[in-house]
Each structure stands twice: as structure tokens, then as C-alpha cells.
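The structure under discussion appears below in the form of C-alpha cells.
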Number of protein chains: 2
Amino acid sequence: MSYKLPELGLNPSSTSAGTNPGSFAKAGKIAPGTEGRWTFASPDTPGMPEPSDKTAWDFLPAGWTTEELQTGEVVSASGQVVFRQADDSLRSVSFPADFEPITQLESARVGIITAEMERVAERETHLSPAQVRDEVAAGRMVIPANKVHLQHQLDPMCIGRASKTKVNANMGASPVSSGTDEEIEKLKWAEKWGADTVMDLSTGGDIDGCRKALIENSNVPIGTVPIYSMIIGRKLYDLNMEIILESLQHQAAQGVDYFTIHAGVLHEHLQYVKERLIGIVSRGGSLLAKWMIDHDDENPMYTGWEQICDVMREYDVTFSIGDGLRPGGLADATDQAQLAELCTLGELTERAWRKGVQVMVEGPGHVPLDQIEYNMKLQRTICHGAPFYVLGPLVTDIFPGYDHITSCIGATSAGYHGASMLCYVTPKEHLGLPKKDDVKQGCVAYKIAAHSADVALGIPGTRDQDDELTKARAALNWEKHFELSFDPDIARAYHDEDLDVDTDFCAMCGHDWCSVRISKEIVQFASGKEDDYKWDKAKVSDALTEEQKEILEKRGVLSPEEVHKLASKTKKAVGAEENKASCHSDYVDGETAKEIHKNVEVVELETK
Amino acid sequence: MSYKLPELGLNPSSTSAGTNPGSFAKAGKIAPGTEGRWTFASPDTPGMPEPSDKTAWDFLPAGWTTEELQTGEVVSASGQVVFRQADDSLRSVSFPADFEPITQLESARVGIITAEMERVAERETHLSPAQVRDEVAAGRMVIPANKVHLQHQLDPMCIGRASKTKVNANMGASPVSSGTDEEIEKLKWAEKWGADTVMDLSTGGDIDGCRKALIENSNVPIGTVPIYSMIIGRKLYDLNMEIILESLQHQAAQGVDYFTIHAGVLHEHLQYVKERLIGIVSRGGSLLAKWMIDHDDENPMYTGWEQICDVMREYDVTFSIGDGLRPGGLADATDQAQLAELCTLGELTERAWRKGVQVMVEGPGHVPLDQIEYNMKLQRTICHGAPFYVLGPLVTDIFPGYDHITSCIGATSAGYHGASMLCYVTPKEHLGLPKKDDVKQGCVAYKIAAHSADVALGIPGTRDQDDELTKARAALNWEKHFELSFDPDIARAYHDEDLDVDTDFCAMCGHDWCSVRISKEIVQFASGKEDDYKWDKAKVSDALTEEQKEILEKRGVLSPEEVHKLASKTKKAVGAEENKASCHSDYVDGETAKEIHKNVEVVELETK
């Protein structure tokens, strides 16, 4: 008498953004015509703007031309190349005979696969070096790699929707913090917790020395907001083009990989800010707005854009065009001020491409969940696919103290709908300065967002770890379960808090109620029977490590004595195997395991 | 030279689910034809199943008929009513002359607005009592209110997509916990942190006494999973219809408001479980699967469904039809096993409605973000709009220790795409038993999800608090900012950790860099000038409360001495106003405020 499943297709198919089967691909349900594709996008809800029909190829410098050829030969000559693109088509490019490529974009345009592109393709296992080059040439991908930083420890990486979603962590010295050593420690901490780039937002202390040290010690790209240094020790009113260029030149020469520059806030936009609930929340944006009002003049970053490009090109510094008018509250989201600036960001993207400079674009902020897809796809249209680097967005304003959570919800959606990099938010947002643990909490929340977006988009390989962990979990192999976890220490500590034996149940349900154990025991199910995860006997877990001990001490659930006991276990101290032939074994049988844990909060069920 | 905004409409318009302007409505952009509507839905991505054209009105008991009339009079007679629905249409219903309504559904069907519906309409400020009644009659809303619990402290509430998204918190005693008093403490804690219902998942201790005490002390509906009590002290194999009905009768008579019953796992579904990575993760589901394999017989909950309905009807206990085959890992999501069970849940929904019993349906689990919309809308089709009560879903498997976050991301999306209630997940998921703080973390993460879904859907009034807080924030009125926050203690503690003065900047940026202060000072902007939030002078904050002190002690950022200092401030102890006429004032001028905080980590910028 069972109900018949209606004739239903599995999930949306074609969209104006092209076909993407998303995570369904893993199940073998590849939508027709999508094999071998390397762009990833969510299907469009009706009403989304159409993607642009232009790319960076449409914004070449004066004196350049390009066309895609149906037939022809590969050519490499002075002032002309014809090269084979990753999809096997031929592209011809003509340029001034004396041209020498400097930036990754310029190299890509003349068909060169740089060492950095090779390295990026190693790290993005689903992309070939030629695909990387083509994405960079199209302007859909950037490789932020200042020539100077490359001489230190930078490990080249990319930002772009064809690649995995990236995470940025912010840090920065203040006038009274201990400065450089502390910042390097925070850098290493953020790298450990998965940050793909780091921004140095210092406004005090030994700013220059600190920036230099961060660049020299960093494996990840370093971004800055140069307007800070331009103003420290000066009056805002005195800011002019000379100061701007000098400051950018200095930081570029140090090795900064990308600059946030708020050139998109124009004088004519300020009228749209009037009725906003919370005006301008960007530091750079508010300072430039003030400058424009005081001078009654246009934003100098906007008018001097080409001069700025020249400085950046010399070192291959990437633009991160700032969103000075991003909304600081749900009420201001997707309003005229924000969208007007976005149009200017589109114009600035085109102008930067004409100068051969790599570009990514920054985005909001605070946006209700239902407006996120539209925000992402509007940027994709207006900026012709240039990577979108978004802050959050927060999907509600009323949970200060928890804004790493309110914003990682929006960030996951943003990544799924098109953003390429997510700027983290910590629990201290809106309230004060992030501390070391806040940096970690922000990083973890954003790795969750980035990874979940990758899985949703169906980026090949990204769900492998989830599936392996699920198999380990199904097999009740706790060691492998934790090994495969993003934060093995917290997983192990939380588990051992209730039960320090690895066996075929945990404290959540106890032996008799464990559905995973039951599933494993049902002969007909494959669940839990994966060869790689088989184990033999229940085992007392190792003594807690220092990190795990700290975690439990901080949680305050167990008493200090109980934590100490877990942290100082030795094989002898366990004494669980008094009656077995081999003394002092870590292994326990099922009965002993149950006996051991009777003293902790475990659900027991008598089914005999 | 500014770029022109392309001709773009603001967000998607009509969909097969009807028009819903979502959060854009707040901006005054109401889509035509939607005035007065009280259903909320996200626009459909192409490929979504069409909503059902049936409702609970299509599944009346034998001997009942109904029709909607174009013209006529209101009638109330034996065996017939004609009543005016909320949309002004007339509905005629005929039924056996001796019929007496018991459940909310039955009352609604004969046009009655019960006291509980009135109370629900008070709490759902955008709904009228008639709208509530009509949603209940259509089966799209339930009011879980056992007649016995109504005699205690239950404050009637509803679950259904026309109303605000609800949150459930799980708790439950084990064989060795202290039992009843501790569970009541957890209940009150969960209520404080916003749980709309609570499930008692006890499997040990004084189960019966504990359940009774919870019901007697609870303002919120209490749900249970009765199969637990059916099996404790027995062999699973011995489970039969008599035991099942006796157990349900007992719990219904105690006052339980809703039962999770895994009647949807059928013998023929088990073949689909074979290749799953993690089999069956539902306790009830795995036990019934085992029972069916051992007996080689059909699920007795399924075959005995009508007898179960009779028991529930007597007290108006609501069904929460269990998802025994929900996926326990991304790899198993939206698979044949899950969808086959969903079809059965649709059938069971229809059968329950034919018995006059209220129904909600349970859902997954672990689902990649891109599959969530489809999961929600498939259930909407198959279950004819019955409320969907989902667990998470988690959008990635690899972050144990953080599963309140991995799952609240999915839960927000689920609510936006159609789910009516979200079952929380705590940081201890997959690892052990949740402790008091884990309960709080789960509740907060899920209030974030529920509230953000409400805002995204454009449910009237739900964004008011966000906007008020934004205004307070823009005005730099910290007291009001924290008052309007969901967790004022954590917001205040995090702020004061760096700066214990309420003034026109905070420690994040310091005075000169504060964009919010700059926005407030720009005369042309409305930002920060709201009358209700004006303040006069900077003010030293009050001494930390006990809760705030605990928060900072636990964080471990400040030394115990520093925390103690903040917690023991008195007006005299501050000494900030030595030179002012009124001694011992809490108020400080701007200069003094800056002076005070020079000793904490605050960014200072010399712009003079």
C-alpha cells in the first residue's frame, strides 16, 4: 500500500549561468553537457540578472587586439601569439612589440603559464595549469603574488569561482599592543586555522616594521588598506595624490600582495547615504566621504585610478576594490547607495584591466538571506565575473557576541551564489578587538562556510573528506573519525569528557541505543564495514594532550581533578585488564567497556 | 563618467509557490497582488516540484463533505456549518450529527476559533484568529496543546509556515544523572534561551516522574519519542501493538503534546539502505528496522496507525511523524531510502487527517546546501503543506565540535525554503551528552537561524528589532544597543573587556577611525540622529553583573584581577570626575574618555 514517488526530476537543471549539477554530481547524476566544465554556479532563481557577455578580454590596453580562431597554428612571435586554450580552442593576441608581461594577468594574456599558475593548479586539484591561465586571462581569477613577496615564503594561491572558496582573516597592531611578535603569532595561528589570506589592518605601533615582518614570515598573501598609513600623522584634509601614490609605492615595494582601495565612493553617491539608518560603516569609505564633503571634490582615488594602476602593475599588486558604501544593517542592504557604488566598481574593474592589473571586488556586509543571491549575481554581471570578496554577510543584526555565526550563515550562501573569497567576522565584531581565541572562532566558522559552499557547488574532490569521515563514523572508529575532523583536539576532548574508551557507542546514547552500532551490525547493510576503518577491540583512549586538557579546563564541565585524571593516564594507570593474560593492555572487551563507563553519564538500556 | 545601473528589477517575482516579496517588502516594494497574504515562501528555483493542490480539506473523515461557496449565509446547525474564512470566502462543512470536536484540527474544520487559536494570534502579531483557524483547518499549521497540559502552565503556540519559525531544544535524563530537578533546570534554561518547544528524550532514571514534572513545569509544548519507554526493560523483539498503544495512552494521559513516531520506515525501504555509508542514524528508525528484519514483518506503527490515531485524538496529541531514514552524512542525502520514506510520510499524513489528528512531519539531517530547497519543497508537495520539522541539516560532516554551526547554516536555509520548526543541534553532537552551556549554544545558534529565516521571508514585524538595534548602534548608544541584543550580557562583557566607558567609539577602531561616529557627525546624514537614541555624555559603564563576570572569567582574556576590578566598580571607585563640580559622577567628557582608555588596546589616530 506504499505511496508512489511522483515523477520528479532530481533538482534544477539549466540556468542562464550554465548547467551545474552541484553536489548531485557526486551521486553520479551529471547533467548532460557539463562534463569537463570548470565553472561552478548555483542555478538562477527567476529574476536574476544575466551574466555579462564580456570578460577581461574585452578590456585590453590600447594597441592590443584578440580573437578566437576556428583553425590555425600555435604561434609565438614579437607582438603576436596564438595559443591553445584549455578547452582546445585557439586564441590569437596582438600587442605592442616591446611589451613585457609583469602581472599574472598580462602573462596569461600572452599565453604564458607562469610558475605561480603551475603551483595554483597543484593546489586546486580539479584544475589544470592551462585552465588556471585561462581563468586569469578572463579576469575571473586572481593570483595575488607580489614579486617581492614571492622572494620570501609566499605559497602562490588563487581566488576565483572556478577554484575552492577562500577565507581571509583580519589582524593588526594598535598603538599599545606589543606589536610585531604578537602579530606574527596571530598570523601563524590564523594560518593554522585555515586562513587563505591575511589582512594587516594595523593603525598603530611600528606599522611599517610590522608589515615588513608579516610579509617576510607569511606563507599566505598579505592584504592592506593603505589609506590608514596615508592619514596617520596627518590631517585627513591634507590627503592628496602625491601622498596616495607615495604610500602605495612604499607598501608595494615592501611586498604587499593586495590593496583595498575605496575608489568607488563618488561625490554623487553621498546623496543616497542620507536616509540610511547607519550611514557608512567602512573606515576608508567614511574618511573619503568626509574628505569629499570638506573639499567639495571628487574622490581622488577614483580620479587618479590609472596612476594608481601604474604603481601596482610594477610589482603585480592585486586590487581589492573596496565597498565603502556597504550596508551596516539589514535596513540599508541592496539600496541605491550600495548599488550605485557597485556600478562604479564595475567601471574601475574595466579600467584596471585596461592597465593589466589584477582585480577582485569587495562586497557586503549585512544582507537578509533572501537578497544574497541577487547581490552576488548583480556583481557578476556588472563586474564581468571578477572575483567577489565578501564580508559575511550578516543575516541579522540582533546577535552581537555571535556575529561569527550570524555572518557565516550569509557567507555560505554568498559562496554558493558566486562569491570567491569570504572575509571572516569574529565574535568581537561591533564590540571590540578580537583576541586569539576569537581569531580561531572566526577562522573555523568561515572554513565551515567556505567548505560547505564548495560541496554545494560540486567542486570535484571537496566532499571526499566528508565521505571518509562518515565511513569512519559509521565504523565507530573514533581515532580515524577525529583524525579526519577539522579540529581533532576539540572532537577528542568533547568525546572523552563523557567516556574515555573508544568503543562501539558513545555517551550520547550508550551501547543499546546506538543507531550507528545497530546499523553496523545489520548484516545486509554496508554501513560501518569499510575495510580501511575496521577495528578490533574497544580501547581506552590516550591521555589528553596539552591542547585537549586546556579545552576541557576552559569548558568547566569536569572538575580540575577529573581533567587532570584524563590528562595523566598511562597504560599502567588504567588497570582495565587485570584479568587478561597480557597485563596493562589498553584494550578492553565489550563488557569491560560497559563496566568502565557505568560511572559516567551514559544511557544504558536493558534489552536482555 | 559614472557607470549606469542596468535596467534591473529588484529580485525575483512570481513563482509557482505564489508571489512573495521576501525582505524587500520592508523597503516598500510589495509585489502586486500580495497584500494581505499570510503565506510565506521563497521563490522557486527552476525544477522544484509544484506545491500540492490538496490540503487537509481533501482528507476528511468518512461521512464528511465540504465546499467553498460563492454566495450564502453563515450557518450553524447540527451536522452542518457555513462559516466565513479569513479571506472572506464562505465554507460549508457537513459532518455526522453526533460529532464533537476534540482536536484543534477538528474545531477548525467546523469553523470554531478556540481559546488556543486566539492566544496563538496574540503571539503571532501578523495573524488574526481567523487566519490561524484557517491555517489549522488546511493542515498547514498545528497547535500542539494536549488537553491535560493545558490545565498546567502551557502557553499555546503554533508551528506552521504562516507563522514565525520555531526552535526545539532536546534534553533528557539518563540512568545515572541526578534526574528530575536537573531536567527542570535545563527546561527553564532552554526556555530562557528561546526554545519554543522542548523534547524529553529521556531513556533512564525516573523517566515517568521526570516526564510528569517537565509537563507540569513547562510553558512550552513537550514532545517525546515513545518507543524509548516501550522498550526499556523489555526485549525489542517483544514489541507489539498492545505495548505500543498502552505506552502511548500512558504518555498522552500525562499530557505530552507531541509524539515522534517512526511509522514511515517500511520493510520494503530497507533494500535502499544497503549501500548507504552510514545506514540508519535515527534511534527509533534503527530499532524498528531491526524489529522488521528479526520478525520479517511490516512496521507495526505503520500497520496500526489508525489505532494510534484514536489514542492521540482523545487528548489532542499532535503527530511528529519521524524520519527514521534521514541521512546521517552528506553522501546519503536525498537518496532513495530517504525519499521512499517521505512518500510514506505523505500517506500517513493523509491517514492522520482522516482521523482528525494534527500532523507535522520530521526531516533531515545532513544535506548539502544546494539540495536543501529541493528537500523542503518535495515535502511540501508530498505532505500537502503539513509543517516540516527539520533537524539541522548539517551542510558538512567534517567539523564535529562545531555542529551547532554546521547545522544552523542548513537550518536557516531550510526555514527560508519552507521548514516551520528547527530542531537544534549542540556542539556535542556526534560526541557525547550536551551540558548546560551546550544547550545555550544550540539554542542561540538556532534562534539566529529561525529569526534570519523570518526576516528573509518578510514576515511582518520580524525585522523591527534589527532596525531598532541598527539605529541604536548608529547613535553609538551602547546601553540601548545591548538592551536590544538577544544576549545583552555577552555583548556588554565583550565590550567592557576592552573599554569600560560608553562613548562615541569603541575599542575596535578608537575615536578617530570610528566610521559610525564619522557618519553620525556628517550633518547631511540621518545616521545616528534618531531621537529615541540620543545621549549626552560619555559614561563609565556599570559594574559587571555576576553573569557578565562569569563570561569574562571563562574567556580568560583578562586576568582575574582585571575582571574583579570591572565587577567591583562603584561610582566612588571610578574617580573619573575629580575636576568636575559634581563629584563622583559617572559621566565623562570626550577628552577624559580618551584618556581613560589609553591604557587599553584601543586604536588611536592623531589627525590634528
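For the stretch A:208-287, run through the trypsin sites (Lys or Arg not before Pro) and keep only the ones in DSSP coil with at most 13 other Cβ atoms within 10 Å of their Cβ. Provide the component values of the computation, followed by the final result.
Details: sites: A:Arg211, A:Lys212, A:Arg234, A:Lys235, A:Lys274, A:Arg276, A:Arg283; in loops: A:Arg234, A:Lys235, A:Lys274, A:Arg276.
Of the trypsin sites (Lys or Arg not before Pro), the ones in loops of the stretch A:208-287 whose Cβ has at most 13 other Cβ atoms within 10 Å are A:Lys235, A:Lys274.
Counting from the shortest, the label point at B:Glu50, 7 Å from Cα toward Cβ, is 2.9 nm from the same position in each remaining copy. Within the accessible surface of the stretch A:82-175, defined with a 1.4 Å probe on protein heavy atoms only, the carbon and sulfur portion equals 45 percent.
Of the three principal axes defined by the Cα atoms of chain A, the extents in descending order read 86, 62, 49 Å. Counts of other chain beta carbons within 10 angstrom of each beta carbon in peptide A:456-463 average 3. Interface area, chains A and B: about 13200 Å² of buried accessible surface, summed, with a 1.4 Å probe and ligands, DNA and RNA left out. With the charge dipole of the stretch B:42-199 set up from +1 on Lys and Arg Cβ and -1 on Asp and Glu Cβ about the Cα centre, the Cα lying farthest toward the positive end among the listed residues B:Val110, B:Gly72, B:Gly47 is that of B:Gly47. Normalised by the number of residues in the stretch B:55-128, the average gap of Cα pairs under 8 Å and 6 or more apart makes the relative contact order 23 percent.
Using 7 Å Cα-to-Cβ label points, what is the A:Asn219/A:Asp206 separation (nm, one decimal)? Between A:Asn219 and A:Asp206, the label points sit 2.6 nm apart. Residues within the reach of a label modelled at A:Tyr237 (point 7 angstrom out along Cα to beta-carbon, backbone nitrogen below 20 Å), restricted to the stretch B:496-519, are B:512-514, B:518-519. Averaging 1/r over each pair of different alpha-carbon atoms in the stretch B:337-480 and inverting the result gives 16.6 Å, the Kirkwood hydrodynamic radius.
The ratio of the alpha-carbon radius of gyration of the stretch A:286-338 to the globular-protein estimate 2.2 N^0.38 Å is 1.42.
Temperature 37 °C, viscosity 0.692 mPa s: under these conditions the Stokes-Einstein estimate for the stretch B:409-553, based on its Kirkwood radius over C-alpha pairs, is 188 µm² per second.
Interface burial in the stretch A:339-360 reaches 30 Å² or more for A:Cys343, A:Glu347, comparing the full protein assembly with the chain by itself; accessible area from heavy atoms with a 1.4 Å probe. Comment: the Cα-to-Cβ extended label point of A:Glu216, at 7 Å, lies 7.2 nm from its counterparts in the other copies, nearest first. Accessible-area rank, largest first, for B:Trp305, B:Trp189: B:Trp189, B:Trp305, with all protein chains present and a 1.4 angstrom probe. Taking 10 °C and 1.306 mPa s as the conditions, I'd like the Stokes-Einstein D for the protein assembly as shown in µm²/s, using the Kirkwood hydrodynamic radius from alpha carbon pairs. Translational diffusion coefficient: 50 µm²/s.
Heavy-atom accessible area with a 1.4 Å probe sorts B:Ser229, B:Ser76, A:Ser485, largest first, into B:Ser76, B:Ser229, A:Ser485. Placing A:Phe486, B:Phe525 in order of accessible area, with the largest value first and a 1.4 Å probe, yields A:Phe486, B:Phe525.
With a 10 Å cut-off around each Cβ of B:466-479, the average count of Cβ atoms from other chains is 5.
Sparse packing (at most 11 other Cβ atoms within 10 Å of the Cβ) combined with a DSSP loop state is found for none of the GluC sites (Glu not before Pro) in the stretch A:298-356.
Comparing the full protein assembly with the isolated chain, the residues of the stretch B:380-406 losing at least 20 square angstrom of accessible surface (1.4 Å probe) are B:Ile382, B:Val395, B:Thr396, B:Asp397, B:Ile398, B:Phe399, B:Pro400, B:Gly401, B:Tyr402, B:Ile405. Computed with a 1.4 Å probe on the full set of protein chains, the accessible area for B:Tyr416 sits at about 30 Å².
With the full set of protein chains in place, find how many percent of the accessible area of the stretch B:398-495 is carbon and sulfur; take the probe as 1.4 Å.
48 percent
Dividing the radius of gyration of the alpha carbons in the stretch A:69-188 by their Kirkwood radius gives 1.11 for Rg/Rh. The residues of the protein assembly as shown expose, per residue, 35 Å² of accessible area to a 1.4 Å probe. Other protein chain C-beta atoms within 10 Å of residue C-beta, averaged over A:520-532: 4. Across identical copies of the chain, B:Ala62 has label-point separations of 9.0 nm, listed in ascending order, with the point defined 7 angstrom from Cα along Cα→Cβ.
The values are calculated or read from the model by the stated rules, or taken from the named source; none is laboratory data. Every value quoted in this text rests on a predicted model; they were computed, and no experiment measured them. Reconstructed Cβ throughout: ideal geometry from the backbone, glycine too, with neighbour counts over all protein chains shown. To get the accessible areas, we keep the full protein, side chains included, count just its heavy atoms, and leave off ligands, DNA and RNA. Shrake-Rupley method; radii C 1.70, N 1.55, O 1.52, S 1.80 Å.
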